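**Student:** Please read through the structure below; I'll follow up with questions.
The values are calculated or read from the model by the stated rules, or taken from the named source; none is laboratory data. Being a predicted model, the structure only gives us computed values, none of them experimental. As a convention, Cβ positions derive from the backbone with ideal geometry for all residues, glycine included, and neighbour counts pool all protein chains shown.
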């Protein structure tokens with residue numbers, strides 16, 4: 001049977017304060033134990049024997065902030081195995097062992113080396129053990145004990161904020177919550193009253209009070225008015241020891257602002273206002289009025305309205321949101337000749353009213369506004385804000401388009417004269433009769449050059465040239481059918497040698513500079529000289545397009561390599577306009593799918609290096625140009641639209657053996 005020996009921890013407190021201890025419970029150090037107590041049981045053979053357990057000290061209190069010059073005595077560790085011959089060595093381990101707490105390894109005396117602060121660390125857990133110096137083996141099981149630092153009142157209450165800021169509505173009832181302040185005390189709240197804080201007010205009475213236990217600040221005076229005083233500074237004290245004499249204290253400052261409530265109505269500083277105005281357009285401001293309000297923010301917002309008077313439909317009043325002024329504006333055009341003086345009643349009111357202050361009276365005020373209309377020399381007024389006129393593009397010079405009218409609105413009815421602003425008619429295409437305002441042309445017009453002419457007409461008082469007005473004049477040039485339709489592009493196509501009759505080889509499209517009311521309607525046909533015996537036909541699709549169709553089966557490019565087809569294009573307007581365009585058709589060798597492979601042919605070439613077909617094409621162009629130059633001007637319209645594609649004809653193309661105009 002194994003034998004264990006136990007040692008006893010003995011602690012004495014060396015201060016005049018008592019040292020407290022409690023029995024060890026539920027702690028073990030690896031040695032068998034039924035109770036947490038150590039008792040000496042000797043043995044001549046220095047063996048550890050199991051013995052009866054009783055109790056031991058395992059919790060001790062030391063006073064914090066020790067001020068003595070020597071080390072603070074904690075207690076003594078002793079084993080009954082110690083015979084005083086120095087064979088045992090006492091060891092201390094755990095929180096602060098060897099630094100904060102030291103042990104005399106021979107005597108077992110434990111001391112604290114410096115002042116202890118409970119607020120830094122309130123509890124230290126240490127372990128004590130006795131070992132044989134020779135064998136280095138423990139003669140007693142390791143025991144754990146606790147040192148608790150005994151608190152003294154060495155910390156004053158500290159507020160969570162150095163300065164508090166709070167607001168409370170003015171005119172609040174007594175006892176209205178303002179703010180809660182909080183102070184904390186680092187001392188032990190479980191021991192005595194060192195951490196028991198009581199609040200009191202040092203500055204701020206009789207306006208505010210503070211609850212001693214909660215730190216809640218409340219109003220203490222009825223009907224505090226922001227307009228009389230807005231800012232208050234309150235000083236609150238927090239004292240520990242339950243507020244008793246000798247307790248430590250701390251203070252904080254609370255800055256309290258009374259917030260505004262709507263307890264003041266608007267007031268006009270004067271009962272009557274007077275303004276003068278000339279004839280002004282609607283929306284023109286003619287004067288400002290302002291009611292004062294002692295409140296602030298939205299409580300000082302004011303709405304103005306005209307409640308009665310002769311000019312309810314002639315004037316309006318709006319609120320300037322920045323200045324809170326009422327702006328009187330013109331609602332309708334004023335006429336001195338009709339009415340010279342208007343009297344209005346304007347009311348100023350608060351839009352945000354608190355019902356609990358209605359007993360103070362109506363939150364509105366009124367003032368009288370007199371408006372005098374002055375007679376002024378006004379500029380001429382046109383009968384319309386803008387004029388829109390129309391004229392045909394074939395109109396002759398001096399053709400009248402329309403007229404404008406302006407007159408002096410004043411009672412004098414001064415005569416006016418008219419003119420065209422030449423900055424808007426730099427080419428002087430139009431003119432105006434200065435007396436009656438008639439507009440007429442001074443140059444020929446062309447709709448295809450310019451569809452709209454936008455000019456400005458000026459009306460000026462003859463007796464007072466400084467009084468003038470302007471009006472825009474929009475003139476639309478109406479279309480006349482004076483342009484023939486033309487091919488939309490230059491057409492040069494090809495036909496396969498093995499083409500079948502009625503095969504489509506090209507689709508033709510046309511354009512026209514004119515813009516008829518009913519839209520374009522073009523018709524296509526071969527020129528009369530090519531209509532009979534032609535190798536091709538024209539099929540009019542009735543949709544402003546036409547197709548070129550083959551008229552026979554098969555073509556021989558060695559016999560005829562190029563065909564020139566004259567096509568006549570006509571419109572459907574009045575007078576009918578037409579032009580003739582030429583389509584070049586080359587005969588080419590094609591594959592089975594009809595894709596062109598080659599348009600070259602062995603041809604007789606002129607000594608000049610050009611084929612006969614090319615020379616004839618050049619000759620036709622020359623004849624056409626000479627015809628345009630030599631024929632009378634009356635025949636020119638007939639030649640319009642006739643195209644010569646000399647510039648486009650490839651004279652260096654493959655040799656052409658012959659050509660046919662059809």
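**Student:** Go through the stretch 85-120 residue by residue and tally those that are touching a residue at least 24 places away in the same chain (Cβ under 8 Å) and closer than 18 Å to residue 144 by Cα.
**Tutor:** 18
**Student:** Identify the residue in the stretch 59-86 that is closer than 20 Å to residue 114 by Cα and out of contact with any strand residue (DSSP E or B) (no Cβ under 7 Å at 6 or more places or on another chain) and, among all such residues, is modelled with the highest pLDDT.
**Tutor:** 70
**Student:** Is one or more of the residues making up the stretch 183-190 within 17 Å of residue 254 (Cβ to Cβ) and buried (at least 17 other Cβ atoms within 10 Å of the Cβ)?
**Tutor:** The answer is yes; a qualifying residue exists.
**Student:** Ok, one more. Quick check on my filter: what residues within the stretch 147-166 are buried (at least 17 other Cβ atoms within 10 Å of the Cβ), under 60 Å from the mean Cα position of the chain (by Cα) and part of a loop (DSSP other than H, G, I, E, B)?
**Tutor:** Selection gives 153, 155, 156, 157.
Every residue, every condition in (1) modelled with pLDDT under 90; (2) surrounded by 14 or more Cβ atoms within 10 Å (Cβ to Cβ); (3) out of contact with any strand residue (DSSP E or B) (no Cβ under 6 Å at 6 or more places or on another chain); (4) on the phi > 0 side of the Ramachandran plot, yes or no:
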site: 279; (1), (2), (3), (4): yes, yes, yes, no
site: 286; (1), (2), (3), (4): no, yes, no, no
site: 309; (1), (2), (3), (4): yes, yes, no, yes
site: 325; (1), (2), (3), (4): no, yes, no, no
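**Student:** Checking residue 359 against (1) outside any loop (DSSP other than H, G, I, E, B); (2) buried (at least 16 other Cβ atoms within 10 Å of the Cβ): exactly one of these is not met. Which one?
**Tutor:** (2)
**Student:** What number of residues within the stretch 367-411 satisfy the criterion of being assigned to a strand (DSSP E or B) and under 30 Å from residue 347 (Cβ atoms)?
**Tutor:** The total comes to 7.
**Student:** What number of residues within the stretch 533-552 are over 18 Å from residue 581 (Cα atoms) and part of a loop (DSSP other than H, G, I, E, B)?
**Tutor:** Within the stretch 533-552, residues that are over 18 Å from residue 581 (Cα atoms) and part of a loop (DSSP other than H, G, I, E, B) number 5.
**Student:** Out of 236, 256, 217, 201, which single residue is under 43 Å from the mean Cα position of the chain (by Cα) and more than 24 Å from residue 152 (Cα to Cα)?
**Tutor:** Testing whether each residue is under 43 Å from the mean Cα position of the chain (by Cα) and more than 24 Å from residue 152 (Cα to Cα) leaves just 256.
**Student:** Is it the case that the stretch 264-273 has a residue that's assigned to a strand (DSSP E or B) and closer than 30 Å to residue 224 by Cα?
**Tutor:** yes
**Student:** Let me ask another. Please work out which one of (1) closer than 19 Å to residue 566 by Cα; (2) over 60 Å from the mean Cα position of the chain (by Cα) is the condition residue 501 fails and give its number.
**Tutor:** (1)
**Student:** Tally time: how many residues in the stretch 124-146 are under 25 Å from residue 100 (Cβ atoms) and in a loop (DSSP other than H, G, I, E, B)?
**Tutor:** Residues flagged as under 25 Å from residue 100 (Cβ atoms) and in a loop (DSSP other than H, G, I, E, B) within the stretch 124-146 amount to 3.
**Student:** Could you list, in sequence order, the residues of the stretch 416-460 that are within 24 Å of residue 374 (Cβ to Cβ) and either assigned to a loop (DSSP other than H, G, I, E, B) or within 51 Å of the chain's Cα centre (by Cα) (or both)?
**Tutor:** Selection gives 459, 460.
**Student:** A follow-up question, please. Could we say that residue 198 is crowded, with 20+ Cβ neighbours inside 10 Å, in contact with a strand residue (DSSP E or B) (Cβ under 6 Å, 6 or more places away or on another chain) and without any contact (Cβ under 8 Å) to a residue 60 or more places away in the chain here?
**Tutor:** Values: crowded, with 20+ Cβ neighbours inside 10 Å: yes; in contact with a strand residue (DSSP E or B) (Cβ under 6 Å, 6 or more places away or on another chain): yes; without any contact (Cβ under 8 Å) to a residue 60 or more places away in the chain: yes.
The answer is yes for residue 198.
**Student:** Follow-up question, since we're still on this one. Mind listing whichever residues of the stretch 435-458 are within 12 Å of residue 403 (Cβ to Cβ) and either surrounded by 14 or more Cβ atoms within 10 Å (Cβ to Cβ) or touching a helix residue (DSSP H, G or I) at 6+ places or on another chain (Cβ under 6 Å) (or both)?
**Tutor:** Of everything in the stretch 435-458, those that are within 12 Å of residue 403 (Cβ to Cβ) and either surrounded by 14 or more Cβ atoms within 10 Å (Cβ to Cβ) or touching a helix residue (DSSP H, G or I) at 6+ places or on another chain (Cβ under 6 Å) (or both) turn out to be 437, 438, 439, 440, 457.
**Student:** Still on this structure, I have one more. What is the residue count in the stretch 78-112 for residues that are within 15 Å of residue 132 (Cβ to Cβ) and part of a strand (DSSP E or B)?
**Tutor:** Looking only at that region, the number is 4.
**Student:** A follow-up question, please. Being in a loop (DSSP other than H, G, I, E, B) and either buried (at least 17 other Cβ atoms within 10 Å of the Cβ) or in contact (Cβ under 8 Å) with a residue 60 or more places away in the chain (or both) is the requirement here; does residue 482 meet it?
**Tutor:** Criteria met by residue 482.
**Student:** Still on this structure, please answer the following. Regarding residue 351, is this residue closer than 30 Å to residue 299 by Cβ and assigned to a loop (DSSP other than H, G, I, E, B)? Working first, answer last.
**Tutor:** On the way: closer than 30 Å to residue 299 by Cβ: yes; assigned to a loop (DSSP other than H, G, I, E, B): yes.
The answer is yes for residue 351.
**Student:** Is it the case, given these coordinates, that residue 575 is closer than 26 Å to residue 449 by Cα and more than 60 Å from the chain's Cα centre (by Cα)? Before the answer, list the steps.
**Tutor:** Numbers: closer than 26 Å to residue 449 by Cα: yes; more than 60 Å from the chain's Cα centre (by Cα): yes.
Considered against the rule, which asks whether it is closer than 26 Å to residue 449 by Cα and more than 60 Å from the chain's Cα centre (by Cα), residue 575 comes out as yes.
**Student:** I'd like to check something: does the stretch 568-585 contain any residue that is in contact with a helix residue (DSSP H, G or I) (Cβ under 9 Å, 6 or more places away or on another chain), farther than 13 Å from residue 494 by Cα, part of a strand (DSSP E or B) and free of Cβ contacts under 8 Å to residues at least 60 places away in the same chain?
**Tutor:** yes
**Student:** Can you say whether residue 228 is free of Cβ contacts under 8 Å to residues at least 24 places away in the same chain and either under 54 Å from the mean Cα position of the chain (by Cα) or farther than 19 Å from residue 161 by Cβ (or both), as far as the supplied structure shows?
**Tutor:** Answer is yes for this residue.
**Student:** OK, next. Does residue 463 satisfy the criteria of being assigned to a loop (DSSP other than H, G, I, E, B) and within 30 Å of residue 577 (Cβ to Cβ)?
**Tutor:** On the way: assigned to a loop (DSSP other than H, G, I, E, B): yes; within 30 Å of residue 577 (Cβ to Cβ): no.
Against the criterion (assigned to a loop (DSSP other than H, G, I, E, B) and within 30 Å of residue 577 (Cβ to Cβ)), residue 463 does not qualify.
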